[in-house]
Amino acid sequence: MSLVDSTPQMVSRVYKTMDERISSVRSWIDRPLTLADKLLLGHLENSDQIQINPGETYVHLKPDRVALQDVLGQTVMLNFMQTKRLKTAVPTTVHCDHLIQARAEGSSDLLDSVQENAEVYDFLQSAASKFGVGFWKPGAGIIHQVVLERYAFPACLIIGTDSHTPNAGGLGACAIGVGGSDAVEVMAGLSWQTLYPKRIGVRLVGKLKGWTAPKDVILYLAGVLTVSGATNCIIEYFGPGTQSISCTGKATITNMGAELGATTSVFPYDNRIEKYLNATERNNIANLANEFKHHLSADDEVENNPEKYFDRVVEVNLDTLEPHIVGPHSPDRARPISKMVNEIEDGQNGFIDQVDTALIGSCTNSSYEDMHKASDIAQQAINNGLKTNSTLMVTPGSEQIRSTIKRDGQLGSLESIGAKVLANACGPCIGQWKREKLLDGVPNTIVTSYNRNFPRRNDGRSETMNFIASPEIVVSIALAGRLGFNPISDELIGEDGKSFKLVPPENPPEVPQDGFISEVEYYVEPADDGSNIKIDVNPDSDRLQILTPFDAWDGKDFERLPLLIKVKGKCTTDHISPAGPWLRYRGHLDKFSDNMFMGAINAFGNQTGKGLNQLTGKNGEMISKIARNYKSEGLRWVVVGDFNYGEGSSREHAALSPRLLGGAAVIARSFARIHESNLKKQGILALTFENSDDYEKILESDSISIVGLNNFSEGKPIKCIIHHSDDSLEEICVTHSFSSNQIEWFKFGAALNLLHNKQ
């Protein structure tokens, strides 16, 4: 095995260091420790006494692994080349999963992708080999599934350039989605700085039964906590109910913690995780985890008195939990499936009962257990002579899963009811779906077992309403063809004309009896010595662009920055930096930036992606075009955002594009964690209205001065002056969460510039 792998030797070293750190920490933290405390404090760069104020204190951590997907991996590798490091300092892998578009079916889609993206894949493979990074070819699977199968281990601190990196929390890892700059710094050997999160404890009691699945735990929580309710928090699951959920079921739950804004989500180590480690040929690591078990769960006092040690405690009774369905357009619009039909009948909602397409799988729900439950429902349909009344698509999470469920028959059952099997890739979950049969502007309903459902997320259509449920519920709905179908109470009509009810899958296997088919043909080991490997980027390429450092701050206040756009309501990274067909240009920052704010709703006139050019007086111009015009005239500009600005994916380009095109500051009512960090990393001021009502004071033709920047310091508010078109002025106060060294990022022009300065 290479140094890329999570070998028993590596795991043993991690556990030894953690034990030393935790022992030291207990000497200066006079309280019992939650599991989250142990995982974070056990990875401190050093264990010297520091102030720990959750939600306020920044800590320096030493991650054990870095995981890159192919889209943001391009940016990471292009930036890593600037560090002039010869090798990555920590085990790192890159996974080609984002660029494969779903068109017809898996094998042909994969071939098309390999041809169309050859330039990008060649770059990533050569860069990976040169810098000691493991490379997973297209077709290997989705990053989070492969990490779960091969690299994650209990208590491992993983940072990944994708918001659903917390998937590995189901295996007891502390896995956190970050921006590309964070990844580059860790790969270069630096510590990772992050805000010490607050703690939300979720106590699970009882046992899942009937139609209720692990998916329903997180769908229910999404309704309770909302999309921003866990921002800057770790969600820690505890209680007797945790042991009733499989490792991969736990991973489904932690994966979707990202939809609540959580830094990450974690489960304690137990026999279900041990079972999965053994099934994936990691017996030695399971043995080490068993020896280290005392650090892989919270202290007993925490579980006995959770209200004393968590900032918030939520109890979920698995015995009484109903299957849930969430959506459309937001993962926190939740209800039990029994209530769905009433909402459809309420015409004010505008829901369409007919389901056009149902999709299962992805990184969130493509485990062996999930696919077995889905195929159980399919087999019941086969027994009654039924096929689906909606298009059904299956996205295997990895080649290991696909080949195993093909061998064991689950895939055949799904295909027999009409399912189309897509490539082992993200596909429709991230907008990589060429969906041609629908007319633009026509409302339609899809139901998925995926994780995210913001408008335009899946197919680029704002009118598509995406509802999320468990795989078995999704397949049931596909058979009926109706959103309002409830398999608990409703019946289907068989081929013989007789009605029948589906029954929930019973005792599904967590892992295959005959073991997984372990496919390694998609993996490329890095070179032992990459010094002679040359990385060429064609200067005329429209896919890749060599990056150059951003300019440092000139030491002056920002005077009269024109307002580029004031966004209204939900503004996710999908709105700021849309994916879909734009993914192919992620490695070419300038070209990709033409999509900037394409999906954002302008507070003035409710225009999507368009606004007022203050230089020309023309309204209705594309926001990216206006930004380029301002930049050409030497003007920097400001964006004003609403609540939870930048929620959703870890998409670093949502900060890189504004920085490239002249963005100086974003002033919002509140920020999502990853995006706020990404803005800081790129030298953009991420500022928050001290009084959120001041958002209303910003008018379309305003400019804003940000003054006193020479006194920019940790914890100190900043003064802004609003310049109205009638020459009147208003003064407001904004706050920020910059630490002292993050202020240095701003002064140097970007976080990576500090690293360049040290060369």
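Each reported figure results from applying straightforward, stated rules to the coordinates on display, with no laboratory input. Keep in mind that what you see is a predicted model, and the values were worked out from it rather than measured. Cβ sites come from the backbone with ideal geometry, for glycine too, and all protein chains shown count toward neighbours.
Before moving on, here are some points about what is shown:
- Efficiency of FRET from Cβ geometry, GLN354 and GLU744, R₀ 56 Å, rounded to 0.05: 0.50
- Spatially proximal aspartates and glutamates relative to LYS437 (Cα-Cα < 15 Å; intrachain offsets below 8 disregarded): ASP356, ASP459, GLU463
- Around the Cα centre of the chain, unit charges on the Cβ atoms of Lys, Arg, Asp and Glu (plus for the first two, minus for the last two) sum to a dipole of about 720 debye.
- Span from the the stretch 23-95 Cα centroid across to the the stretch 415-472 one, whole angstrom: 35 Å
- Mean residue ellipticity (222 nm) of the chain, computed from DSSP H runs ≥ 4 via -39,500 (n - 2.57), nearest 500: -8500 deg cm²/dmol
- With the cut-off at under 13 Å, measuring from each backbone N in the stretch 171-193 to a point 7 Å along the Cα-to-Cβ line of ARG13 picks out no residue.
- Structural descriptor for the chain: relative contact order 13 percent, calculated from alpha carbon pairs under 8 angstrom and at least 6 residues apart.
- Rough spin-label spacing in nm, given labels placed 7 Å along Cα→Cβ, for ASN342 and HIS60: 5.6 nm
- On the basis of the beta-carbon distance and an R0 of 45 Å, ASN507 and SER462 show a calculated FRET efficiency of 0.60.
- Only beta bridges with both residues in the chain are counted; by DSSP, about 40 percent of them are antiparallel.
- The alpha carbon centroids of the stretch 105-164 and the stretch 225-266 are separated by 24 Å.
- Dipole of the chain computed with +1 at Lys/Arg Cβ and -1 at Asp/Glu Cβ about the Cα centre; of PRO509, LEU148, THR7, farthest Cα towards the positive end is THR7.
- The stretch 1-128 - percent relative contact order, Cα under 8 Å, separation 6 or more: 21 percent
- Computed over the stretch 1-45, Kirkwood Rh from alpha-carbon pairs, angstrom: 11.5 Å
- Axial C-alpha extent at least 24 Å, average Kyte-Doolittle at least -0.5 - helices from the chain (DSSP): 8-25
- For the stretch 326-484, pairs of C-alpha atoms spaced more than 21 angstrom apart make up 41 percent of the total.
- Subset of LYS566/LYS625; LYS681/LYS716; LYS215/LYS373; LYS62/LYS680; LYS339/LYS434 violating a 22 Å alpha-carbon distance limit: LYS339/LYS434
- Residues ARG312, ARG456, sorted so that the one with the fewest Cβ neighbours within 10 Å comes first: ARG312, ARG456
- Net charge dipole, the stretch 331-390: roughly 120 debye, given to the nearest 20, about the Cα centre with Cβ charges of +1 for Lys and Arg and -1 for Asp and Glu.
- Comparing the stretch 8-317 with the 2.2 N^0.38 Å rule of thumb, its C-alpha radius of gyration ratio is 0.99 (two decimals).
- Distance from the alpha carbon centroid of the stretch 525-558 to that of the stretch 485-508 works out to 56 angstrom.
- Charge-dipole axis of the chain as Lys and Arg at +1 and Asp and Glu at -1 on Cβ define it, positive-most pick from VAL90, VAL302, PHE671: VAL90
- Along the axis of the charge dipole computed for the stretch 326-484 (Cβ charges of +1 for Lys and Arg, -1 for Asp and Glu, origin at the Cα centre), the listed residues SER476, LEU414, ASN349 are led at the positive end by LEU414.
- Shape of the stretch 558-757 from the C-alpha gyration tensor: rounded (a/c under 1.5, with a ≥ b ≥ c the square roots of its eigenvalues).
- Cβ-defined net charge surrounding ALA425, 10 Å radius [Lys, Arg +1; Asp, Glu -1]: -3
- Residues of the stretch 420-458 with amide N under 14 Å of the 7 Å Cα→Cβ point at LYS387: 420-421
- Linear extension gain, ASN271 paired with CYS733, 0.36 nm per residue minus alpha-carbon span: 161.1 nm
- Cα gyration tensor shape of the chain, rounded if a/c is under 1.5, else prolate or oblate by comparing a/b with b/c: rounded
- Summing +1 for each Lys or Arg and -1 for each Asp or Glu among the other residues whose beta-carbon sits under 9 angstrom from that of PRO455 gives +2.
- Pairwise FRET efficiency - THR548 versus THR616, Cβ, R0 = 25 Å, nearest 0.05: 0.30
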